[in-house]
Structures are given as structure tokens and as C-alpha cells.
Amino acid sequence: MHIHRLERAWLTFGVGMLLIFLATITTAAVVDGFVPPSHTQTIDPTHVSQTPPFDHPGLHKLADGSYEAYYVAQIFSFTPHDLVIPRGAHVTFYVTSTDVVHGFSIPLTGVNMMVVPGWVSSAAHTFNQPGTFLLVCNEYCGAGHQLMAAQIEVK
Ligand code: CUA
């Protein structure tokens, strides 16, 4: 079978790129321990409710005046469902799941994470404007996915 010179070159380039991508991903997985960048800690997903600080989800104030918010995602809700944050607070969110992969997205804030069982995802935001923010699950997680939402009030 005759393959035109330019077509052969283009095929070689395409297959070569695929092999380079595959080698890159494999190297990252084997050498670097491939995890999403916001996932820094592990947790036993079967004992989340007994593992501090996830045994007391909610807002925790730190000595430096900033805040940490611990959330548990489960089908089909977030704990806590309602969170009140003081205006101007810098909040670092830590989120884990007890069952399947969920999303954790607070529109208009840049907080948008995938929540994977066994991992703790984190992201931070400073809430300078008062108002009510919606917190939604943006990863399809089952039949009640569209009901999975919570609220954050800044005042
Ligand atoms: Cu949880 Cu979709």
C-alpha cells in the first residue's frame, strides 16, 4: 500500500505525540504520585465521621484570624448545609467524600474542586462582599445529583 510522503510524516508526528503524552502521564503517575493538585491529604473514607477535624464539620477560626471550613460530601448533601462566614474572612475549605466522587463549587469565587473519597481537597477564598453564595456539586454523582447543594451566607 502506498502512503504519500506527507501523510506518512503527519501520521508519524501524530503517533509520536501520543507516545510522548503517554510517557509523560506514566512518569507523573509512577514518579510523582499522580494526584489532582488540590488533593494533599488522605483520609479513610469509611471513618470520616470519627476522624478529626471532619468529626466536627463547619467553620473553625484560627489564631491568625483566618478560617478553615471543613465539609463532608455524601450522596446527596453537604455537611454543613448552611454556613455563616464573617465578611472579609479568608477561608480555606477542606472537603472530603464518604462515598463517591462529588464536586464542590462556589460560583463567582473561583472555588471549584473535585472531591474524591480517600482524599482531602482544599481551596481558599476571601469573602469581601456580603451576600448569599450557593454551593453546588458539579460532578454527576447519582440520581439525586441535581439536589446536592448548600448555602454560604457572608455577613
Ligand atoms: Cu454530588 Cu453530584
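The values are calculated or read from the model by the stated rules, or taken from the named source; none is laboratory data. Quantities reported herein were computed from a predicted structural model and do not represent experimental measurements. When we count neighbours, we look across all protein chains shown, and the Cβ atoms used for this are built from the backbone with ideal geometry, even at glycine. The area values use the complete protein model at the heavy-atom level, side chains included, leaving out ligands, DNA and RNA. Shrake-Rupley method; radii C 1.70, N 1.55, O 1.52, S 1.80 Å.
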If I fit a long axis through the Cα atoms of helix 5-31 and take the longest principal axis of the Cα atoms of the chain, what angle between them do I get, 0 to 90°, rounded to 10? 40 degrees
In segment 1-86, which chymotrypsin sites (Phe, Trp or Tyr not before Pro) fall in coil by DSSP and have 15 or fewer other Cβ atoms within 10 Å? Phe34
Please report the antiparallel percentage of the DSSP beta bridges confined to segment 41-154, to the nearest 5. 70 percent
Give me the percent of the accessible area of the chain that comes from carbon and sulfur atoms, probe 1.4 Å, all protein chains in place. 63 percent
With an 8 Å Cα cut-off and a minimum separation of 6 or more residues, compute the relative contact order for the chain in percent. 21 percent
Can you tell me the accessible area per residue over segment 41-154, all protein chains present, probe 1.4 angstrom, in square angstrom? 48 Å²
Let me cross-check Asp82: its accessible surface, 1.4 Å probe, with only protein heavy atoms counted, in Å² to the nearest 10? 90 Å²
Given 25 °C and 0.890 mPa s, how large is the Stokes-Einstein diffusion coefficient of the chain in µm²/s, with Rh as the Kirkwood radius over Cα pairs? 138 µm²/s
List the residues whose amide H sits under 5 Å from the amide H of Glu139, counting only those 5 or more places along or on another chain, with H placed 1.01 Å from N in the peptide plane. Gly103
